[in-house]
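Structure first, then comments.
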Amino acid sequence: MSTPKLEPKLEPKLEPKLEPKLEPKLEPKLEPKLEPKLELVSHLLCPYVQRAVITLLEKNIPHERTYIDLANKPDWFRQISPLGKVPLLKVDEEVLFESAVICEYLNEITPGSLHPADPLQRAKHRSWIEFGSNILNNIAGFYNAPDQESFEQKRHELTSKFLWIEQSLSDQGYFSGNRFSIVDGVYGTIFRYFDVFDSIKDFGIFSNTPKVKEWRQLLQLRPSIQHAVTEDYAQRLLVFLQQRQSYLSMLIE
Ligand SMILES: N[C@@H](CCC(=O)N[C@@H](CS)C(=O)NCC(=O)O)C(=O)O
């Protein structure tokens, strides 16, 4: 009897388990992120320009400033300024106009914020910034008033505007506490007018607003506010006021 030939028991051949072949993951090649080139088109006396400069300085943002003569606007400026006004911010090839928009943009592209985090508080700051623009119109009315009667009326308007501010100010230094915000910068540029008006005469505009007075003094110390204008700003403003041929001009000796 022949024994059946035993076939050697073959282990099933294990194919090595094939992992799906992965393509090496290609990371998008990171170009070094270039900061946009910023150029602020400015005017030496413009308070709206100063708002943008203060934001640039507070946020330490590299930029260039180009000053133009608004009485003789260059063609290149007319071609890129939809409202014919400064400030303009050139961002590489793009152009932004309106100081509020420019300040918000600069605030957003950099770390930290010069606005409160809370939406309601932030909206309130924006309201009082708008109020600041309204005060600037009153200031223009004040230095352009042709006679004593209209001058007194403008003086009264300014006094009542600051009574509103008195009621809205915090008790802790800056507008809404101990942190400097865009709204503080806006009023820093407004108070700068009064430094020159005070050199002409005491018009008593802050007589009943002790908190505003203190705030004004604090803002005078802020380097960004100090450096938002050239050193000859006060002298330039005085010459500008003299040229108004207004009631105030006549008070300048
Ligand atoms: N709402 C504008 C106001 C800017 C503005 O009035 N700028 C003035 C100079 S302070 C200006 O350029 N005026 C044009 C002109 O005088 O022709 C802003 O906030 O940027």
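No value in this document is a laboratory result; all are computed from the given coordinates. Bear in mind that the values here come from a model prediction, so they are computed numbers and not experimental data. Quick reminder, even Gly has a Cβ in these numbers, built from the backbone with ideal geometry, and neighbours come from all protein chains shown.
Could you list, bin by bin from short to long, the percent of Cα-Cα pairs of segment 119-251 in 5 Å steps?
2, 10, 19, 23, 20, 14, 7, 3, 1, 0
Taking the chain as a Gaussian network, where each spring joins two C-alpha atoms under 10 Å apart, which residue of ALA234, ALA145, ALA123 fluctuates the most?
ALA123
If you take the alpha carbon radius of gyration of segment 38-108 and divide it by 2.2 N^0.38 Å, what ratio comes out, to two decimals?
In units of the 2.2 N^0.38 Å rule of thumb, it is 1.00.
Taking Cα centroids, how far is segment 198-218 from segment 84-145 in Å?
Taking the Cα centre of segment 84-145 as reference, the centre of segment 198-218 is 24 Å away.
How about segment 57-87: which trypsin sites (Lys or Arg not before Pro) there are in a DSSP loop, with at most 15 other Cβ atoms within 10 Å of their Cβ?
none
Compute the acute angle (0 to 90°) between the alpha-carbon long axis of helix 148-168 and the principal axis of greatest extent of the alpha-carbon atoms of the chain; round to the nearest 10°.
The angle comes out near 40 degrees.
Give me SER224, SER81 ranked fewest to most by other Cβ atoms within 10 Å of their Cβ, as a rough exposure proxy.
SER81, SER224
Working from Cα positions, state the angle (0 to 90°, nearest 10) between the long axis of helix 119-144 and the longest principal axis of the chain.
The angle comes out at about 30 degrees.
Would you please name the chymotrypsin sites (Phe, Trp or Tyr not before Pro) within segment 180-238 that are DSSP coil residues with at most 10 other C-beta atoms within 10 Å of their C-beta? Walk me through the numbers on the way to the answer.
Numbers: sites: PHE180, TYR187, PHE191, TYR193, PHE194, PHE197, PHE203, PHE206, TRP215, TYR233; in loops: PHE180, PHE203, PHE206.
For chymotrypsin sites (Phe, Trp or Tyr not before Pro) across segment 180-238 that sit outside H, G, I, E and B with at most 10 neighbouring Cβ atoms in 10 Å, the list is empty.
Given springs between every Cα pair under 10 Å in a Gaussian network model of the chain, which of LEU83, LEU38, LEU163 has the largest fluctuation?
Among LEU83, LEU38, LEU163, the largest mean-square fluctuation in the Gaussian network model of the chain belongs to LEU83.
Nothing charged except the Cβ atoms of Lys and Arg (+1) and of Asp and Glu (-1): what's the magnitude of the dipole of the chain about its Cα centre? Round to the nearest 20 debye.
So the dipole magnitude of the chain works out to roughly 540 debye.
Run the numbers on the chain and let me know its relative contact order in percent, using alpha-carbon pairs under 8 Å that are six or more apart.
21
Are any of the pairs LYS37/LYS73; LYS37/LYS124; LYS124/LYS201; LYS161/LYS201; LYS59/LYS211; LYS59/LYS213 more than 29 Å apart by Cα-Cα distance, and if so, which?
Check vs 29 Å cut-off fails for LYS37/LYS124; LYS124/LYS201.
Given a Förster radius of 45 Å and the C-beta distance between GLU253 and GLU98 as r, what FRET efficiency does 1/(1 + (r/R0)^6) yield to the nearest 0.05?
Taking R0 as 45 Å, the efficiency between GLU253 and GLU98 is 0.75.
How do LEU237, LEU106 rank when sorted from fewest to most other Cβ atoms within 10 Å of their own Cβ?
On the way: LEU237 20, LEU106 24.
Listed from fewest to most nearby Cβ atoms, that is LEU237, LEU106.
Taking only Cα atoms and a 10 Å spring cutoff, compute GNM fluctuations for the chain and point out the largest among LYS73, LYS213, LYS124.
Highest fluctuation among the options: LYS73.
Note down, for the chain, the three equivalent ellipsoid semi-axes (square root of 5 times each alpha carbon gyration tensor eigenvalue), biggest first, whole angstrom. Don't skip to the answer; put the middle values down first.
Values: eigenvalues 821, 106, 37 Å².
Each semi-axis is the square root of five times an eigenvalue, giving 64, 23, 14 Å.
Give me the extension gain from GLU231 to TRP164: residue separation times 0.36 nm, minus the current Cα-Cα distance, reported in nm with one decimal.
The span from GLU231 to TRP164 would gain 21.0 nm if fully extended.
Looking only at the chain, where both bridge partners belong to it, what percent of the DSSP beta bridges are antiparallel (to the nearest 5)?
Percentage antiparallel, nearest 5: 70.
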